[in-house]
Amino acid sequence: MALMTKEEYIESLRKLKTKVYMFGELVENPVDHPIIRPSINSVAMTYDLAHNPEYQDLMTATSNLTGEKVNRFCHLHQSTDDLVKKVKMQRMLGQKTGACFQRCVGMDAFNAIYSTTFEIDKEHGTKYHENFLKYMKEVQEKDWTVDGAMTDPKGDRSLSPSKQEDPDLFVHVVERREDGIVIRGAKAHQTGSINSHEHLIMPTIAMGPDDKDYAVSFAVPTDADGIFMIYGRQSCDTRKMEENASMDLGNSEFGGQEALVVFDDVFVPNDRIFLNGETEFAGMMVERFAGYHRQSYGGCKVGVGDVLIGAAALASEYNGVPKASHIKDKLIEMMHLNETLYSCGIACSAEGFKTEAGNYQIDLLLANVCKQNVTRFPYEITRLAEDIAGGLMVTMPSEKDFNSPVVGDICKKYFKGASNIPTMERMKVLRLIENLTLGTAAVGYRTESLHGAGSPQAQRVMIWRQGNLEFKKDLAKKIAKVNI
Ligand code: SF4
Ligand code: FE
């Protein structure tokens, strides 16, 4: 089953005994839950388009492990061309879903762990890379969606993992057995965790010798004993539970998803361990995963940005002012900002290089610049979209009012814009802008742009480290003829 269909993917989720809580209760059937289902539809798109001849080149690749055709989300990048195609694929999927399609965290974890385990084994004579190769073959064969999980709850940010008052605030080993390890802790903000077949865990920060039990990487099935999730709610989420309110959703078909994933003494067998106590390699794994995921944002956020720019342009037409020069200028600015993000995503990919293990890594400096821009530009694009849309996007009545026999005609009369545009069509576009800027998709487009793949300061630390300031000082000295 090297390439699952969309239907097979959804059925495969039904077979898992995933334990998820929402509003304080265990969800009986996550797959058909109205709040969860749109996020499953987004992941399903990554399966569906892999079968579409038009998107073969972007959505699939040839595995270096088996020679088989695999979904690009399960691929180990073999060239800078692969890295570029990854970004293009993410932009295209953002355009089709207008949401987070969740599967990138796994892809980014695969590539970071593949190269890091190779280097750990070289240093320590361990078998982590061999374990990981076996695991990757299974991932590719079964076409799994995998939650690449990094972010721990972290407690007091000034303290290292082993110094926290509560030892569970970072995922850690609580028991070492002959046949494996037992894990306790949690991972927060986990994108797509409920829609994943597997969880692939990495440490969240560089660690010192005292943090041995916290320097751990491993893979477990999503429904393994001891794992459960608590759904992260999103702005306007309960609209999805209302009847006859699909217009009010703005994007009724697709969405993103984040959750807290709890590991309550979960057993991991030896052959699924990829790091276990080699603290000096925790930082390398973190840096590489974060680098790949910062590249990812130069694709997915740009695709969602394309949808938002399109919606703003439509809103201006439906408002009757498509030719106003200030509107045109605002749309130009939005496109300029969006394409700048894309340029960074492409640049860090084109400047990628081969790791010791053989897969390709992005240029870390440019990937961090990419993500630093992502922490800013979507906010400005959002501001401009709201400016063009007008206040109605947050004051308009519900779909039920528009369809009401009592006030429906009044709503349609007073909310009409350009005379050739039916009022309801205008409302749909305004609701989409609301969804992207303030509603459920805003999690992925706004706040996730700030904090996802690391908050702004994390990129600034990397830019400082990768920026090669000494080289730049030497350039200046040479030209100024400084003699010290
Ligand atoms: Fe992929 Fe973007 Fe979602 Fe991260 S935020 S999983 S890169 S779509
Ligand atoms: Fe993310």
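The values are calculated or read from the model by the stated rules, or taken from the named source; none is laboratory data. Note that this is a predicted model, so its numbers are computed, not measured. Heads up, the Cβs are rebuilt from the backbone with ideal geometry, glycines too, and the neighbour counts pull from every protein chain shown. The area values use the complete protein model at the heavy-atom level, side chains included, leaving out ligands, DNA and RNA. Shrake-Rupley method; radii C 1.70, N 1.55, O 1.52, S 1.80 Å.
Candidate cross-link partners of Lys163 among the lysines, defined by an alpha-carbon separation under 27 Å and a same-chain spacing of 8 or more, comprise Lys154, Lys187, Lys212. Partners of Lys323 within straight-line reach, counting lysines whose Cα lies under 25 Å from its Cα and excluding those fewer than 8 residues away in the same chain: Lys412, Lys413, Lys416, Lys428.
Taking a 1.4 Å probe, which of Cys236, Cys370 shows the most accessible area, and what order do the others take after it?
Details: Cys236 50, Cys370 0 Å².
Output order, biggest surface exposure first: Cys236, Cys370.
Could you report region 1-104's accessible area per residue, 1.4 Å probe, as an integer in Å²? The answer is 41 Å² per residue. Using the average count of surrounding beta-carbon atoms within 10 Å as a protection proxy, the listed peptides 403-410, 244-251 rank, highest first, as 244-251, 403-410. Please express the Cα-Cα pair-distance distribution P(r) of region 51-107 as a list of whole percents, one per 10 Å bin, running from 0 to the bin with the greatest distance. Whole-percent P(r) values from 0 Å outward: 23, 58, 18, 1.
Ignoring ligands, DNA and RNA, what accessible area per residue does region 285-474 give at 1.4 Å, in Å²?
Values: 8260 Å² over 190 residues.
Computed with neighbouring chains in place, this is 43 Å² per residue.
Angle check, please: helix 469-480 long axis (alpha carbons) against the longest principal axis of the chain (alpha carbons), in degrees 0 to 90, nearest 10. It is inclined by approximately 80 degrees. Between Met285, Phe274, Ile346, the Cα set farthest toward the positive side of the dipole of region 254-408 (charges on each charged residue's Cβ, about the Cα centre) is that of Ile346.
Stick to Cα atoms and the Kirkwood definition of Rh, then tell me Rg/Rh for the chain.
Values: Rg = 23.5 Å, Rh = 23.5 Å.
Rg divided by Rh gives 1.00.
Whole-percent P(r), region 285-474, all Cα pairs, 5 Å bins from 0: 1, 8, 15, 16, 14, 12, 10, 8, 6, 5, 3, 2, 1, 0, 0, 0.
If you fit an axis through the alpha-carbon atoms of helix 282-318 and take the longest principal axis of the Cα set of the chain, what angle between them do you get, 0 to 90°, nearest 10? Between the helix axis and the principal axis of the chain, the angle is about 10 degrees.
Residue ranges 161-169, 436-444 sort as 436-444, 161-169 when ordered by packing (mean number of other C-beta atoms within 10 Å per residue, highest first). Per-residue ellipticity at 222 nm from helix content only, as computed over the chain with -39500 (n - 2.57) for each DSSP H run of at least four residues, stands at -15000 deg cm²/dmol.
For region 6-280, give me the percentage of DSSP beta bridges that are antiparallel, rounded to the nearest 5 percent. Before the final figure, lay out the partial values.
Values: 32 of 38 bridges.
So the antiparallel bridges in region 6-280 amount to around 85 percent.
Here the gap between Asp166 and Tyr414, fully extended at 0.36 nm per residue and compared with their Cα-Cα distance, gives a gain of 83.5 nm.
Here region 1-73 and region 355-401 have alpha carbon centers that stand 24 Å from each other.
Taking a straight Cα-Cα cut-off under 17 Å and skipping sequence neighbours fewer than 8 places away in the same chain, the lysines within cross-link reach of Lys142 are Lys6, Lys15, Lys69, Lys134.
Evaluate 2.2 N^0.38 Å with N set to the residue count of region 6-280, then give the Cα radius of gyration divided by it. Could the numbers behind the result be given before it?
Details: Rg = 18.9 Å, N = 275, 2.2 N^0.38 = 18.6 Å.
Against the empirical 2.2 N^0.38 Å value, I get 1.01 for region 6-280.
Placing R0 at 41 angstrom, the Cβ-Cβ distance between Val174 and Asn64 gives a FRET efficiency of 0.70 after rounding to 0.05.
Distances over 16 Å make up what percent of all Cα-Cα pairs in region 384-484? Before the final figure, lay out each step's value.
On the way: 3611 of 5050 pairs.
Here the long-distance tail beyond 16 Å is 72 percent of all Cα pairs in region 384-484.
Compared with the dominant Cα axis of the chain, that is its longest principal axis, helix 456-466 is turned about 50°.
For the chain, the share of accessible area belonging to carbon and sulfur comes to 53 percent (1.4 Å probe, ligands and nucleic acids excluded). Towards the positive end of the charge dipole of the chain, with charges on Cβ (+1 Lys, Arg; -1 Asp, Glu), say which of Ser193, Leu337, Ser252 has the farthest Cα. The Cα lying farthest towards the positive end belongs to Leu337. Considering only Thr440, Asn359, Ala480, and ranking their Cα positions along the charge dipole of the chain that arises from unit charges at the beta-carbon of Lys, Arg, Asp and Glu, the one farthest toward the positive end is Ala480.
Considering only DSSP beta bridges with both partners in the chain, what is the antiparallel share in %, to the nearest 5? Show your work: numbers first, answer last.
Numbers: 34 of 40 bridges.
Approximately 85 percent, going by the DSSP bridge assignments.
Between Arg157 and Lys323, the simple spin-label model (points 7 angstrom out along Cα→Cβ) gives 5.1 nm.
Note on Glu138 and Lys477: with the Förster distance fixed at 56 Å, the Cβ-Cβ geometry gives a FRET efficiency of about 0.55. When +1 charges are put on Lys and Arg Cβ atoms and -1 charges on Asp and Glu Cβ atoms, the dipole computed for region 285-474 relative to its Cα centre reaches about 200 debye.
When only DSSP loop residues count, what chymotrypsin sites (Phe, Trp or Tyr not before Pro) in region 1-41 have their Cβ near at most 13 other Cβ atoms within 10 Å?
Working: sites: Tyr9, Tyr21, Phe23; in loops: Phe23.
Sparse-neighbourhood loop chymotrypsin sites (Phe, Trp or Tyr not before Pro): Phe23.
I need the calculated FRET efficiency for the pair Asp223 and Ile463, taking r as the beta carbon distance and R₀ as 30 Å, to the nearest 0.05. Intermediate values should be presented prior to the final figure.
Values: r = 40 Å, r/R0 = 1.33.
With a Förster radius of 30 Å, E is 0.15.
For trypsin sites (Lys or Arg not before Pro), the sites in region 296-385 that DSSP calls loop and that have at most 14 other Cβ atoms within 10 Å are Lys323, Arg376.
Extending 7 Å from Cα along the Cβ direction at Ile484 and again at Lys127 yields two label points whose distance is 5.9 nm.
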